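**Student:** Got a structure here, written out as structure tokens. Questions coming.
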Amino acid sequence: MSAERTPEPGIPGESGTSGPRHRGKGRRRRPRSRRRKGLLVAAWTTAGIVVLGGTGAGYLYFKLNGNLKSVDIDQALGTDRPAKADNGSENILVLGSDTRADGNDKLGGGTDDGTARSDTAMVVHVYQGHKKASVVSIPRDTLVERPECTDTDGQTHDAASDVMFNSAYSTGGAACAVKTVESMSGLRMDHYLEVDFSGFQQLIDDLGGVEITTTQDISDPDSHLDLKAGTHTLDGEQALGLVRTRHGVGDGSDLGRIQLQQAFIKALVNRVKDIGVLTNPKKLVDLADTATKTVTTDSDLGSVNKLVSFAGGLKGITPANMNMVTMPVQYDPANANRVLVEETKSKQVWDALKADKTIPKTATEGTAAGGAKGVVSAP
């Protein structure tokens, strides 16, 4: 795939952004394709389960260690990067990938075409002291300037203008995704975590489901989701449907889906903290096994010992101490299926994190939202 090509439209099945621009009107169009995307899991949630798994020894340790996959981001990116923070904070890029291999085509729709895409992207900023965090979701449909980057195989990919954010991953994998986020934000990504479709679904099932409350009916046949207003314990398939739906609620955009994902994260963190797996050895092993199979990390986190150490510093973060926002954007007047970075407000977000400060509320006021805020909550 060339660097200049935008690999996926804002709504699956729609055309790209080439050609003259015209102001989008009316409701967002439903996709012609049944390809469905998106998944979400918080970095500290996955890593927290690995911490529990790390309490085992011998066979369990080697089994978990053998499950982990890692990529050498630092080697690929070299030294031309933002400086590491010296204020005790950390930044983690969390991606949800929808590779069609290994059974993910059955979960996400489409075919196993050998490609992978990143339809969920979050910058998790852990503040000094590791007691609170801010999570900034980056819409996959954002038109960005993608920098030249080198992937982990050593291949260089040209820079490209006015392309979707998720083209970085599909063009050059994890290294190019990190490079693009660092270019946009001016923040050094200290770590990288990636989660896939099948792992997400299995993780929820191993947890025994996650309880959420909806304020309205949510129905989306494309995502196999049909929930009445009320409280539900979602199994893996339902949870996957919730975090990838974009037509069940809101304005049909990726922004509405992000609002559902952010609400689900808090419910998921609550579930992990409340489950009491230390009293259930079988559940402990199942969760740790699934979690380590589910994630791909940067090489600095590429062993159980390193992941355990990293996760140990995140256990004090509770949903009440998580500030979740979407990178400030506006709908593209030339294409209703794209969004544009709100440069001034986005700079407020990134500058606050760079200084290890709380993101000001003014940074997200008046920006495109998605219309799904408050539809889902943790009970």
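**Student:** Which condition number in (1) open to solvent by 30 Å² or more (accessible area, probe 1.4 Å); (2) more than 23 Å from LEU340 (Cα to Cα); (3) at pLDDT 95 or above is the one that GLY114 fails?
**Tutor:** Every condition holds for GLY114 apart from (3).
**Student:** So, one more: Run VAL339 past the list (1) touching a strand residue (DSSP E or B) at 6+ places or on another chain (Cβ under 6 Å); (2) open to solvent by 30 Å² or more (accessible area, probe 1.4 Å) and report the number of the one that doesn't hold.
**Tutor:** Among (1) touching a strand residue (DSSP E or B) at 6+ places or on another chain (Cβ under 6 Å); (2) open to solvent by 30 Å² or more (accessible area, probe 1.4 Å), the lone unmet condition for VAL339 is (2).
**Student:** Tally up the residues in region 164-175 that are assigned to a helix (DSSP H, G or I) and buried (at least 23 other Cβ atoms within 10 Å of the Cβ), please.
**Tutor:** Initially, region 164-175 is screened for residues assigned to a helix (DSSP H, G or I), giving 167-175.
Next cut, buried (at least 23 other Cβ atoms within 10 Å of the Cβ) only: 167-169, 171-175.
Total meeting the criteria: 8.
**Student:** I want to confirm something. Restricting to region 235-264 and keeping residues that are touching a strand residue (DSSP E or B) at 6+ places or on another chain (Cβ under 7 Å) and aliphatic (A, V, I, L, M), which single residue is modelled with the lowest pLDDT?
**Tutor:** Of region 235-264, the ones touching a strand residue (DSSP E or B) at 6+ places or on another chain (Cβ under 7 Å) are 238-239, 241-242, 245, 247-249, 255, 258, 260-264.
Keeping just the survivors that are aliphatic (A, V, I, L, M) gives 239, 242, 249, 255, 258, 260, 263.
Numbers: ALA239: 93, LEU242: 92, VAL249: 84, LEU255: 92, ILE258: 91, LEU260: 91, ALA263: 92.
My answer is VAL249.
**Student:** Follow-up. Among (1) at pLDDT 50 or above; (2) open to solvent by 20 Å² or more (accessible area, probe 1.4 Å); (3) among the β-branched types (Val, Ile, Thr), which single condition is VAL94 missing?
**Tutor:** (2)
**Student:** Shifting gears a bit: Would you mind stating whether VAL178 is aliphatic (A, V, I, L, M), closer than 23 Å to THR296 by Cα, open to solvent by less than 40 Å² (accessible area, probe 1.4 Å) and in a strand (DSSP E or B)? Spell out how you get there, then give the answer.
**Tutor:** On the way: aliphatic (A, V, I, L, M): yes; closer than 23 Å to THR296 by Cα: yes; open to solvent by less than 40 Å² (accessible area, probe 1.4 Å): yes; in a strand (DSSP E or B): no.
Considered against the rule, which asks whether it is aliphatic (A, V, I, L, M), closer than 23 Å to THR296 by Cα, open to solvent by less than 40 Å² (accessible area, probe 1.4 Å) and in a strand (DSSP E or B), VAL178 comes out as no.
**Student:** Another question, if that's okay. Going through THR344, THR367 one at a time, which residue ends up being outside any strand (DSSP E or B), without any contact (Cβ under 8 Å) to a residue 24 or more places away in the chain and β-branched (Val, Ile, Thr)?
**Tutor:** Values: THR367 fails: without any contact (Cβ under 8 Å) to a residue 24 or more places away in the chain.
Of THR344, THR367, the one residue that is outside any strand (DSSP E or B), without any contact (Cβ under 8 Å) to a residue 24 or more places away in the chain and β-branched (Val, Ile, Thr) is THR344.
**Student:** Continuing with this model, one more query. Taking PHE62 and the conditions (1) modelled with pLDDT of 90 or more; (2) hydrophobic (A, V, I, L, M, F, W, C); (3) open to solvent by 40 Å² or more (accessible area, probe 1.4 Å), which numbered condition does it fall short on, given that it satisfies the others?
**Tutor:** The failed condition is (1).
**Student:** Only residues that are small (Gly, Ala, Ser), in contact (Cβ under 8 Å) with a residue 60 or more places away in the chain and in contact with a helix residue (DSSP H, G or I) (Cβ under 8 Å, 6 or more places away or on another chain): list them for region 242-266, please. Don't jump to the end; show me each part of the working.
**Tutor:** Narrowing region 242-266 to residues small (Gly, Ala, Ser): 248, 250, 252-253, 256, 263.
Keeping just the survivors that are in contact (Cβ under 8 Å) with a residue 60 or more places away in the chain gives 250, 252-253, 256, 263.
Across region 242-266, the qualifying residue is only GLY250.
**Student:** Consider region 273-294. How many of its residues are modelled with pLDDT under 75 and of a type outside the set (Gly, Ala, Ser)?
**Tutor:** Just the residues of region 273-294 that are modelled with pLDDT under 75, to begin with: 273-284.
With of a type outside the set (Gly, Ala, Ser) added as a condition, the list becomes 273-275, 277-284.
Residues that pass the stated criteria total 11.
**Student:** Just a yes or no: is a residue in region 187-196 under 19 Å from GLU343 (Cα atoms) and open to solvent by less than 20 Å² (accessible area, probe 1.4 Å)?
**Tutor:** Yes, there is a match, as at least one residue in region 187-196 is under 19 Å from GLU343 (Cα atoms) and open to solvent by less than 20 Å² (accessible area, probe 1.4 Å).
Yes or no, residue by residue, for (1) closer than 28 Å to ALA288 by Cβ; (2) among the aliphatic types (A, V, I, L, M); (3) under 20 Å from the mean Cα position of the chain (by Cα):
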position	(1), (2), (3)
GLY209	yes, no, yes
PRO221	no, no, no
GLY230	no, no, no
GLY252	no, no, yes
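**Student:** Out of HIS232, HIS191, HIS224, HIS157, I need the residue that is in contact with a helix residue (DSSP H, G or I) (Cβ under 8 Å, 6 or more places away or on another chain) and at positive phi. Which one? Break it down stepwise before answering.
**Tutor:** Working: HIS232 fails: at positive phi; HIS191 fails: at positive phi; HIS157 fails: at positive phi.
Exactly one residue qualifies, and that residue is HIS224.
**Student:** Report the residue count in region 318-336 for those that are outside any strand (DSSP E or B), closer than 19 Å to LEU93 by Cβ and in contact with a strand residue (DSSP E or B) (Cβ under 7 Å, 6 or more places away or on another chain). Walk me through it before giving the result.
**Tutor:** At the first step, the residues of region 318-336 found to be outside any strand (DSSP E or B) are 318-321, 327-328, 332-336.
Next, only the ones that are closer than 19 Å to LEU93 by Cβ stay: 327-328.
Next, from what is left, pick out any that are in contact with a strand residue (DSSP E or B) (Cβ under 7 Å, 6 or more places away or on another chain): 327.
Within region 318-336, residues that are outside any strand (DSSP E or B), closer than 19 Å to LEU93 by Cβ and in contact with a strand residue (DSSP E or B) (Cβ under 7 Å, 6 or more places away or on another chain) number 1.
**Student:** Here's something else I'd like to know. If I filter region 342-370 down to residues being more than 22 Å from GLY250 (Cβ to Cβ) and among the basic types (Lys, Arg), which single residue comes out as surrounded by the most Cβ atoms within 10 Å (Cβ to Cβ)?
**Tutor:** Here the answer is LYS354.
**Student:** Quick one: THR297 ticks every box in (1) open to solvent by 40 Å² or more (accessible area, probe 1.4 Å); (2) at pLDDT 75 or above except a single one, so which number is it?
**Tutor:** Going through the list (1) open to solvent by 40 Å² or more (accessible area, probe 1.4 Å); (2) at pLDDT 75 or above, THR297 breaks only (1).
**Student:** Could you grab me the full set of residues in region 323-379 that are modelled with pLDDT under 95 and at positive phi?
**Tutor:** GLY366, GLY370, GLY371, GLY374
**Student:** Is there a residue being open to solvent by 10 Å² or more (accessible area, probe 1.4 Å), closer than 16 Å to VAL329 by Cβ, more than 16 Å from the chain's Cα centre (by Cα) and hydrophobic (A, V, I, L, M, F, W, C) anywhere in region 145-163?
**Tutor:** no
**Student:** Picking from SER223, SER219, which residue would you name as being over 30 Å from PRO82 (Cα atoms), open to solvent by 40 Å² or more (accessible area, probe 1.4 Å), in contact with a Gly (Cβ under 8 Å, 6 or more places away or on another chain) and of a type in the set (Gly, Ala, Ser)? Outline the logic, then answer.
**Tutor:** Working: SER223 fails: open to solvent by 40 Å² or more (accessible area, probe 1.4 Å).
Testing whether each residue is over 30 Å from PRO82 (Cα atoms), open to solvent by 40 Å² or more (accessible area, probe 1.4 Å), in contact with a Gly (Cβ under 8 Å, 6 or more places away or on another chain) and of a type in the set (Gly, Ala, Ser) leaves just SER219.
**Student:** From the residues in region 300-315 that are of a type outside the set (Asp, Glu) and open to solvent by 30 Å² or more (accessible area, probe 1.4 Å), which one is farthest from the chain's Cα centre (by Cα)?
**Tutor:** Applying the first criterion (of a type outside the set (Asp, Glu)) to region 300-315 yields 301-315.
From what's left, open to solvent by 30 Å² or more (accessible area, probe 1.4 Å): 305-306, 308-309, 312, 315.
On the way: ASN305: 24, LYS306: 22, VAL308: 21, SER309: 22, GLY312: 21, LYS315: 19 Å.
If we take residues in region 300-315 being of a type outside the set (Asp, Glu) and open to solvent by 30 Å² or more (accessible area, probe 1.4 Å), then ASN305 is farthest from the chain's Cα centre (by Cα).
The values are calculated or read from the model by the stated rules, or taken from the named source; none is laboratory data. The shown structure was predicted, so the numbers you read here are calculated from the model rather than taken from an experiment. Cβ coordinates were reconstructed from backbone atoms using ideal geometry, including for glycine residues, and neighbour counts include every protein chain displayed. What goes into the accessible areas is simple: the full protein's heavy atoms, side chains included, and nothing from ligands, DNA or RNA. Shrake-Rupley method; radii C 1.70, N 1.55, O 1.52, S 1.80 Å.
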